[in-house]
Amino acid sequence: MYCLDIDTFADSNGDGVGDIQGLIGRLDYLARLGVTCLWLHPIHPSPNDDDGYDVTDFYNVDPRFGTLGDFAELLHQAGNRGIRVIIDLVVNHTSDQHPWFQSARSSPDSPYRDWYVWSDREPADRHQGMVFPGEQHETWTYDRTAKAWYYHRFYRFQPDLDTTNPEVRDEIKKIMSFWLQLGVAGFRMDAVPFIIERTEPGDPNPDLDFEFLTELRQHVQWRRGDAILLAEANVEPDQLPAFFGDSGGSANRVHMLFDFMLNGRLMLALARQDPEPVIEALRDTPALPEGGQWATFLRNHDEIDLSRLTAEQRNQVYEHFGPEEDMRIYDRGIRRRLAPMLNNDRRRIELAYSLQFSLRGTPVLRYGEEIGMGEDLSLPGREAIRTPMQWSYEGNAGFSRAEPEKLVRPVIDKGDFGYDKVNVTLQRRDRNSLLAWFERMIRTLREAPEIGFGSTTHIDVPMPPGVLAHRADGPTGTMVFLHNLGAVDAEVDLSLLQPEAELPIDVLADRNYADIGKLDKLNVAGYGYRWIRLRRAWSS
Ligand code: NOJ
């Protein structure tokens, strides 16, 4: 899965803002990379105070991106290349500019008044539960026009919809139906734990209405049997199963959840050069129900959220990956891309992505990571990691023909990550580039369906420091992986796997290693990795 913002990907009409036609023009690039599903960040009209996560019309596309007709064409063209498209569904809240909110605040008699969450008096929990500490100071704001307080889990310009209201529930289903009918393959559901909150003034820990998720799942499946719900639910591991739901052992709420817990542990493991946090994550994550799946990621469009680590662990990650105050955000995270965090060390970038892609679940890749793009810390907040895609060494990184001051965001034009050095065109010409590596790695992944689809287990035998051994087993066979998170070369004894091994071979590795032999003397270089096919089941 590949995620991108249309506005920073490719600008076809030269107005400085990426658009749908620009994206259509780059679908062959994505197909060649091996992408089979695109996740588009919000595509709807929006004042863009939160990069589109503040919607003013759920039934349209942002006119800066094109028209609904362009969007239908995108779905067709993506489908031709075997790429499904899912879109962000942001229905916890609307923009305060949305006509529903404008009407709701105008009068207690508005038909939309009860679509939002109000309080006549100042709620006691006004200053609790902020998602963006530092940028957000309250969760209840007084509206002079409405003469009442409204609830907003996120920024004050994002009033929460009241999803206990049956009319709101019906409207959300209608929005889903509309986009499914147009041909999207599902939704990345924003802020799911907050969507299902039964908010009451003065109660900072409201009940969660999981039945609403069951309803949405039934609705989606009725309209399109193979559509998916991929939820953003950054909660404690023991709360995750309720989001999948369970009906006779099968998931009956969302199909997929982002693996936030693994994300934090991966960062800690990379910082410490020690696989133990990943092993813990594999051990501590609740079992998946039938039909459920994880979406794994290293980077996304938000900060790296380290809030589920202990203060000591968080400080270790900060020390290595966010040493300067300016690299940190919201007292919990890091606003950087992966390549600069790893000092642009090619070995460590490959190692990190090899690890992510070989672990359980469906890997999600953020645009630009495949060429090792950097961040621009002079931009505010999370914009640092939302700069235009670097297509070439031509003006504006080949992103747009507009005058540079018209660009939606400046391109990175200085230092090691400037577009003269980091771009698709140069990497296309170089067989040894990071981009070429990603293409090869993803092809290899697709030849090994047991990765992600099968089970993922830690191989618990004595290992040299820094080395992780894990395996993937499925109906198609068995893969074994070695990752050396440390800088020192290591030798690993996996001879216990010998009875299962049928002509074991390296299918991907950081270099050419000597023959596998009896698996008792497997070398893996510092920051190296090996993907070994142990066995293939020919019959399935
Ligand atoms: C989560 C999204 O990932 C983030 O970018 C956004 O700001 C909030 N939800 C509010 O919609």
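The values are calculated or read from the model by the stated rules, or taken from the named source; none is laboratory data. Computed from a predicted structure; not experimentally measured. Cβ coordinates were reconstructed from backbone atoms using ideal geometry, including for glycine residues, and neighbour counts include every protein chain displayed. Ligands, DNA and RNA are excluded from the accessible area calculation, which covers all protein heavy atoms including side chains. Shrake-Rupley method; radii C 1.70, N 1.55, O 1.52, S 1.80 Å.
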Quick one: count up the residues across segment 203-233 that are open to solvent by 40 Å² or more (accessible area, probe 1.4 Å) and either within 16 Å of the ligand (Cβ to nearest atom) or more than 22 Å from Leu38 (Cβ to Cβ) (or both).
10
Checklist (1) within 16 Å of the ligand (Cβ to nearest atom); (2) in contact with a helix residue (DSSP H, G or I) (Cβ under 8 Å, 6 or more places away or on another chain); (3) open to solvent by less than 10 Å² (accessible area, probe 1.4 Å); (4) not acidic (Asp, Glu) applied to Arg153, failing item:
(3)
Which members of segment 395-408 meet the condition of being part of a loop (DSSP other than H, G, I, E, B) and of a type in the set (Lys, Arg)?
Arg401
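Looking only at segment 101-116, which residues are part of a helix (DSSP H, G or I) and either in contact (Cβ under 8 Å) with a residue 60 or more places away in the chain or charged (D, E, K, R) (or both)?
Hits for segment 101-116 are Arg105, Arg113, Asp114.
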Which numbered condition trips up Leu68, out of (1) open to solvent by 10 Å² or more (accessible area, probe 1.4 Å); (2) within 16 Å of the ligand (Cβ to nearest atom)?
(2)
For segment 283-389, which fully contained helices (runs of 4 or more DSSP H) count at least 2 residues that are touching a strand residue (DSSP E or B) at 6+ places or on another chain (Cβ under 9 Å) and surrounded by fewer than 18 Cβ atoms within 10 Å (Cβ to Cβ)?
none
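A quick yes/no check of all residues on (1) modelled with pLDDT of 95 or more; (2) surrounded by 18 or more Cβ atoms within 10 Å (Cβ to Cβ); (3) part of a helix (DSSP H, G or I):
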| position | (1), (2), (3) |
| --- | --- |
| Ile24 | yes, yes, yes |
| Asp28 | yes, no, yes |
| Ala31 | yes, no, yes |
| Leu38 | yes, yes, no |
| Pro47 | yes, no, no |
| Asp50 | yes, yes, no |
| Thr56 | yes, yes, no |
Tyr419 fails exactly one of (1) assigned to a helix (DSSP H, G or I); (2) closer than 18 Å to Gly18 by Cβ; (3) more than 17 Å from the chain's Cα centre (by Cα), namely (1)
Inspect segment 174-188 for any residue being within 16 Å of the ligand (Cβ to nearest atom), within 26 Å of the chain's Cα centre (by Cα) and of a type in the set (D, E, K, R) and give the result as yes or no.
yes
For the subset of segment 112-133 comprising residues that are open to solvent by 20 Å² or more (accessible area, probe 1.4 Å) and within 14 Å of the ligand (Cβ to nearest atom), which member is farthest from Gly333 (Cα to Cα)?
Gly129
Which condition from (1) in contact (Cβ under 8 Å) with a residue 60 or more places away in the chain; (2) more than 16 Å from the ligand (Cβ to nearest atom); (3) within 14 Å of Asn234 (Cβ to Cβ) is the one that Ala339 breaks?
(3)
Given (1) touching a residue at least 60 places away in the same chain (Cβ under 8 Å); (2) part of a loop (DSSP other than H, G, I, E, B); (3) in contact with a helix residue (DSSP H, G or I) (Cβ under 6 Å, 6 or more places away or on another chain), number of the condition Val411 does not satisfy:
(1)
